[in-house]
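Student: Submitted below is the structure of interest, expressed as structure tokens.
The values are calculated or read from the model by the stated rules, or taken from the named source; none is laboratory data. All values derive from a computational prediction rather than experimental measurement. Please note: Cβ atoms are built from the backbone with ideal geometry, for glycine as well, and neighbour counts cover all protein chains shown. The area values use the complete protein model at the heavy-atom level, side chains included, leaving out ligands, DNA and RNA. Shrake-Rupley method; radii C 1.70, N 1.55, O 1.52, S 1.80 Å.
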Amino acid sequence: MWGQPRRGPWTSLLFAALLATSGQAGAADSKAFVEGECAQCHTLEKPAEFTVERMLNREAPDLYYAGNKFRREWLVEWLQEPKRIRPAGTYFGQNVVMGDERDIVPDDKLEPHPAYSAEEAEKAAEYLMTLRPYDDLIAEASYQEKPVSGMMGKMNFGKFKGCDACHQPTPGTGGLSGPEVHTAFARATPEFLFSFIKNPQAWEPRTFMPNPGLNDGEVNKLVNYLRFLSEE
Ligand code: HEC
Ligand code: HEC
């Protein structure tokens, strides 16, 4: 046990200063790790120009707004045991080939994501969470948690809104060109999902996802359906 604390004001100041510098050293360390390791494939700074070429040629999804998108605990877990998110890779045009029934992605086309130790994953998450150029977009998102019917949600996501042309609402169903969405709610915050669905071009002017032109209520329904899928 600590017993009676007998530290005077100077000792606590010194203690606080020590804590602060060790925090700074940790932050510099996690930045260096991410810049050395992850920047080989990922963009960590907001691009000066958004071009179609960039979208066709980028090696990996952007991380420069990671702090506005991801749940920290998901990052830490996924980096240790990464599972594929985009069934056809970062840009589907590089990997999809036409099959008889539906388009397919040949198994040998996609490399598995590198896996990291728990310590490295914590470090990476610490730095990624500081990358927040779109705090304004997140502040505008008005997500409200509401119960949804799975059956109606599925029909809405598919037949009515056509989202399943590009996304997999459940493993093995739906389109291959976008990220799978049954894991989206576990990966990203509801505010990000709301904002991205409402206006994908505000996040990436050249994204292949069309702006669905929905009002807040409709967007909220879709985000709640993604929540439902993540709880299944
Ligand atoms: C060899 C290239 C490469 C390296 C190195 C790499 N990644 Fe990735 N990363 C990818 C690719 C490709 C994807 C897309 C995978 C998918 O969608 O299944 C990806 C996906 C991700 C995602 C999910 C992004 C999203 O929007 O869905 C995160 C988070 C991520 N990487 C973090 C990291 C971090 C942190 C590091 C360094 C510690 C790192 N990656 C190192 C290639 C790489
Ligand atoms: C024409 C294909 C297409 C359609 C249709 C489409 N999306 Fe997307 N969507 C994408 C692509 C591609 C991305 C990846 C964004 C990027 O990397 O630019 C994406 C990203 C997303 C994301 C972010 C997921 C993540 O992990 O980053 C969500 C959520 C999403 N879409 C939901 C929807 C919903 C809801 C609809 C229907 C209203 C829809 N999408 C319709 C192609 C599409």
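Student: Mind counting the residues in segment 141-187 that are touching a residue at least 12 places away in the same chain (Cβ under 8 Å), within 16 Å of ligand 1 (Cβ to nearest atom) and of a type outside the set (Gly, Ala, Ser)?
Tutor: 11
Student: Could you say which residue among TYR143, TYR127 is under 25 Å from PRO47 (Cβ atoms), under 20 Å from the mean Cα position of the chain (by Cα) and surrounded by 17 or more Cβ atoms within 10 Å (Cβ to Cβ)?
Tutor: TYR127
Student: If you go through segment 192-200 one residue at a time, do you hit one that is within 16 Å of ligand 1 (Cβ to nearest atom), modelled with pLDDT of 95 or more and within 19 Å of PHE92 (Cα to Cα)?
Tutor: Yes, segment 192-200 contains at least one residue that is within 16 Å of ligand 1 (Cβ to nearest atom), modelled with pLDDT of 95 or more and within 19 Å of PHE92 (Cα to Cα).
Student: Something else about it: Would you pick out the residues in segment 203-232 that are open to solvent by 30 Å² or more (accessible area, probe 1.4 Å), among the aromatic types (Phe, Trp, Tyr) and under 18 Å from ASP62 (Cα atoms)?
Tutor: PHE208
Student: Further, regarding this structure: For GLY175, state whether it is more than 8 Å from ligand 2 (Cβ to nearest atom) and either under 26 Å from VAL76 (Cβ atoms) or more than 18 Å from the chain's Cα centre (by Cα) (or both).
Tutor: The answer is no for GLY175.
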